[in-house]
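Since the structure comes first, as structure tokens, the remarks are kept for the end.
The values are calculated or read from the model by the stated rules, or taken from the named source; none is laboratory data. Worth saying up front: this structure is predicted, and the values here are computed from it rather than measured. Here the Cβ positions follow ideal geometry from the backbone for every residue, glycine too, while neighbour counts run over all protein chains shown. SASA here: full protein model, heavy atoms, side chains in, ligands and nucleic acids out. Shrake-Rupley method; radii C 1.70, N 1.55, O 1.52, S 1.80 Å.
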Amino acid sequence: RLLEDIGAMIKMKAERAGLRFRLEKDPQTARFIKANAGKLRQIIINLLGNAVKFTREGSISLSVRTLPMVDNPQTVTLELTVEDSGPGIHKEHQQQIFQPFAQLQHSKTDIKGTGLGLAICNSLVKLMGGEISLESEIDRGSRFQVHLPVALAKKNKTDDIGSVRPSVFRLTPGQSEWRIL
């Protein structure tokens with residue numbers, strides 16, 4: 001559900017920017033995991049937000065899969081890959097972008113930011129016991145990959161609560177008119 005929610009949000013942003021967005025989930029991906037949803041959400045949104053911000057044309061994708069861990073069958077590695085067709089990042093700047101307040105000047109873009117998004121991602125990934133890496137080529141785009149160890153979880157009755165959305169058919173007779181500013 002987390003991936004679907006983020007995917008829908010990023011798809012709207014991407015389409016407004018004239019970009020294509022693709023969410024790819026490996027069919028073998030574990031459906032339920034135990035992880036800090038807030039931190040995971042922040043990591044994914046920061047990576048995808050940067051991709052939308054710096055990509056002028058083409059596409060952005062988020063690929064997700066889980067890989068079994070040989071030493072512990074109750075734990076898997078969650079692999080998140082964000083790829084874009086943006087301007088790319090010079091090799092000599094690729095480690096620098098994970099530092100706080102690091103902003104790269106790129107001749108093809110005049111976009112500014114705080115330089116905190118990737119530093120936050122890096123910190124959150126490390127706090128969760130994972131790793132983040134970058135592959136990039138100028139004029140061909142970038143590929144950020146996150147590997148996080150997560151525990152497998154079982155579905156419980158509360159998992160479906162968020163998927164059922166109540167519908168309003170009508171107001172009870174005699175209700176006063178609402179005025180909201």
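Selection over the range 42-84 of residues that are more than 15 Å from the chain's Cα centre (by Cα) and acidic (D, E) gives a count of 2.
Conditions (1) of a type in the set (S, T, Y); (2) closer than 24 Å to A119 by Cβ, marked per residue:
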site: R1; (1), (2): no, no
site: I43; (1), (2): no, yes
site: L47; (1), (2): no, yes
site: S61; (1), (2): yes, yes
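Examine the range 43-61 for a residue that is among the acidic types (D, E) and modelled with pLDDT of 90 or more, and state whether such a residue exists. Within the range 43-61 (the criterion being among the acidic types (D, E) and modelled with pLDDT of 90 or more), the answer is yes, since at least one residue qualifies.
Regarding E15, is this residue open to solvent by 60 Å² or more (accessible area, probe 1.4 Å), without any contact (Cβ under 8 Å) to a residue 12 or more places away in the chain and touching a strand residue (DSSP E or B) at 6+ places or on another chain (Cβ under 9 Å)? Against the criterion (open to solvent by 60 Å² or more (accessible area, probe 1.4 Å), without any contact (Cβ under 8 Å) to a residue 12 or more places away in the chain and touching a strand residue (DSSP E or B) at 6+ places or on another chain (Cβ under 9 Å)), E15 qualifies.
Count of the range 118-150 residues, restricted to those that are of a type in the set (V, I, T) and either in contact with a strand residue (DSSP E or B) (Cβ under 8 Å, 6 or more places away or on another chain) or at positive phi (or both), is 4.
Listed by first and then second residue, the pairs with beta-carbon distance under 7 Å, at least 6 apart or on different chains, first residue in the range 34-57 and part of a helix (DSSP H, G or I), second acidic (D, E), are A51/D84.
Scoring T66 on the criteria (1) within 21 Å of S136 (Cα to Cα); (2) of a type in the set (V, I, T); (3) at pLDDT 95 or above leaves a single failure, condition (1).
Among the residues examined, Q74 does not qualify as of a type in the set (S, T, N, Q) and modelled with pLDDT under 85.
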